[in-house]
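Here is the structure we will look at.
The values are calculated or read from the model by the stated rules, or taken from the named source; none is laboratory data. None of these values were measured; they are calculated from a predicted model. Positions of Cβ are generated from backbone atoms using ideal geometry, with glycine treated the same way; all protein chains shown enter the neighbour counts. Accessible surface areas use protein heavy atoms only, side chains included; no ligands, DNA or RNA. Shrake-Rupley method; radii C 1.70, N 1.55, O 1.52, S 1.80 Å.
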Amino acid sequence: METTLIIFKPDAVQRGLMGRIMSRFEEKGLQIVGCKLMQISQDLAATHYEAHKDRPFYKSLVGFMTSSPVLVLAIRGNNAIAVCRKMMGATFGSNAEAGTIRGDFGVSNSFNLIHGSDSPEAAERELKLFFKDGEVLNFDRAVESWVYDMSGGKPE
Ligand code: IDP
Ligand code: MG
């Protein structure tokens, strides 16, 4: 099972879309194992997006991400990183596929509602940036054996 870091960006929180977007992940069968509303500091935004520091949009991206609270989530499931990225859709709202979160809820290329880790390495790094020890929980779900086919001994 993988765990990925998802952030509902300030536009998703301000527009009252937290519940609807979170429902998509729950309905998919993914498990929410960490969740908190927080205000991202300049330092945290800079660290989180350090790979983009030389890009022309970096300053406005950091400004946007620190402008208003975000909801950060740790989401777990089989291949959760790729599954969540697919559910998010392409980076730009203007060309994200219908049926994806970015495709259905936004049209902006910078206010694109949601962040998701893009690799296992990024997920490990980003989860540590946003969650302290003990804030990502391990717990059994009663429905687990109906979410995944476990007959082969592993989730299918
Ligand atoms: P991703 O969020 O789909 O992984 P990245 O390329 O990692 O996309 O970019 C990080 C974030 O930076 C995007 O989600 C978006 O908010 C912003 N961004 C990326 N490219 C542009 C751009 O060309 N103009 C404005 N904002 C951008
Ligand atoms: Mg990215």
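In table form, for the structure just shown:
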quantity	calculated
Single residue of Q31, Q39, Q14 found to be away from ligand 1 (no atom under 16 Å from the Cβ), over 19 Å from G99 (Cα atoms) and open to solvent by 60 Å² or more (accessible area, probe 1.4 Å)	Q39
Top-ranked residue in the stretch 126-153 [being part of a helix (DSSP H, G or I) and open to solvent by 90 Å² or more (accessible area, probe 1.4 Å); ranked as farthest from ligand 2 (Cβ to nearest atom)]	W146
Candidate set: the stretch 99-125, residues that are of a type in the set (A, V, I, L, M, F, W, C) and assigned to a loop (DSSP other than H, G, I, E, B); chosen: the one farthest from R15 (Cα to Cα)	V107
Residue match in the stretch 99-118 (condition: farther than 18 Å from R24 by Cβ and within 12 Å of the chain's Cα centre (by Cα))	yes
Top-ranked residue of the stretch 31-43 - restricted to ones that are more than 16 Å from ligand 2 (Cβ to nearest atom) and in a loop (DSSP other than H, G, I, E, B), ranked as farthest from the chain's Cα centre (by Cα)	S41
Qualifying residue in the stretch 117-124 (condition: more than 16 Å from ligand 2 (Cβ to nearest atom) and of a type in the set (S, T, N, Q))	no
Residue in the stretch 2-25 that is in contact with a strand residue (DSSP E or B) (Cβ under 7 Å, 6 or more places away or on another chain), among the aromatic types (F, W, Y) and not in a helix (DSSP H, G or I) present	yes
Residues of the stretch 44-82 that turn out to be buried (at least 19 other Cβ atoms within 10 Å of the Cβ), more than 13 Å from ligand 1 (Cβ to nearest atom) and either more than 14 Å from the chain's Cα centre (by Cα) or outside any strand (DSSP E or B) (or both), as a count	1
Which numbered condition A98 fails, given (1) open to solvent by 80 Å² or more (accessible area, probe 1.4 Å); (2) within 13 Å of ligand 1 (Cβ to nearest atom)	(2)
